[in-house]
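Have a look at the structure below before the remarks.
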Ligand code: ADP
Ligand code: MG
């Protein structure tokens, strides 16, 4: 796992963060930010920017890259500290504890609030995926524009936060969404374990039916989880369930919705058959037009549910996650992810861009505006919330 320490925030000075933020701004339209641009944005006196950059390099918050031209980029660690500082300044938490989860594209830590409450912090890490998995995406990247992994990770966090909040408001068993900034989501800590770790259940029938019921009820609200499996369902000692992990969710109006819905359902059937020896019929029957809720093999029928499905779109927009954001992120997070990819060829890219594919041209994305130096003057005041000026409010 990786080390994160709130104490580091103490020995990183105001100037350190100013320069770190300047690099972040530069990365809106530069894969690698030339030192002179960092200096022009940060505007520290007497060449201070260069001294500070040395310090940031030493702490691995910046990466020096001279492969194409000379410049700097944020590392994920640097991005982590920007988000953490912002959230600490907001009073969301005051300390970071142990790492409690390592996903394919996330790291999860415990954090503590001032009154001692423990929360969960999820740091999204898009781009930290196997090269095999990224291959199909590369085709897209080569033919379209270049994308910035920091930007995509931020979008994933915003999406997760928005969906979690909307699901919570509709009474679904999900972690309580507390706050988010950049690529970081703060939520309540779920008691219990991922279902995949559970060998025995008191009431496997009840748990099974509850889970299928959740898939159906989400679809009735217009949503498909898309990665609904034993890794993303938490269960406690009383066999109470909590769903987690929402960056890949899609609407029931998505062109592949039927397939994603059926896949989520089949995942659960398969797991309960294998792990708890429950017997089910093979799913040989299609759902027909007869509007029944279930087919002859006991599978819920997507078509009849989708007909009268509600929509959570409004609630999502209220959290700052737009339709356009959804379209953007769907290009990169294949619904359901690459469940079978393993870690042997996983590389931590530890930076913003996928090496070959991120050029300086990201101008066709509205969310990544070129840095306008005129507009920037005044961004760095003396206020505590300096750090938030250039981000989604989330
Ligand atoms: P990924 O997208 O990388 O799969 P997840 O959201 O599924 O990330 O989280 C990975 C693991 O971290 C989970 O399997 C779970 O063990 C743990 N985890 C995630 N969120 C929480 C939470 N709110 N409370 C407790 N543990 C969590
Ligand atoms: Mg997961």
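Below are the figures for this structure:
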item: Likely footprinting exposure, 185, 207, fewest C-beta neighbours within 10 Å first; result: 207, 185
item: Cβ-based exposure ranking for 53, 27, in which fewest neighbours within 10 Å come first; result: 53, 27
item: Mean Cβ neighbour count within 10 Å, used as a protection proxy, ranking 269-275, 7-13, 246-252 highest first; result: 246-252, 269-275, 7-13
item: Cα gyration tensor shape of segment 59-134, rounded if a/c is under 1.5, else prolate or oblate by comparing a/b with b/c; result: oblate
item: Normalised contact order of segment 1-89, rounded percent, pairs of Cα under 8 Å and 6 or more residues apart; result: 30
item: Percent RCO, i.e. relative contact order, over segment 251-314, from Cα pairs under 8 Å lying at least 6 residues apart; result: 26
item: By average C-beta atoms within 10 angstrom, highest first, the peptides 97-103, 109-115; result: 109-115, 97-103
item: Additional length obtainable on full extension of the chain from residue 51 to residue 100, 0.36 nm per residue less Cα span; result: 14.1 nm
item: Prolate/oblate/rounded call for segment 193-330, Cα gyration tensor, a/c under 1.5 rounded; result: oblate
item: Segment 156-286 - percent relative contact order, Cα under 8 Å, separation 6 or more; result: 24
item: Residues 241, 316 arranged by fewest to most Cβ contacts within 10 Å; result: 241, 316
item: Calculated FRET efficiency for the pair residue 221/residue 193, C-beta based, R₀ 25 Å, to 0.05; result: 0.40
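Coordinate-derived values only; no laboratory data. Given the structure is predicted, the values throughout are model-derived calculations rather than measurements. Cβ coordinates were reconstructed from backbone atoms using ideal geometry, including for glycine residues, and neighbour counts include every protein chain displayed.
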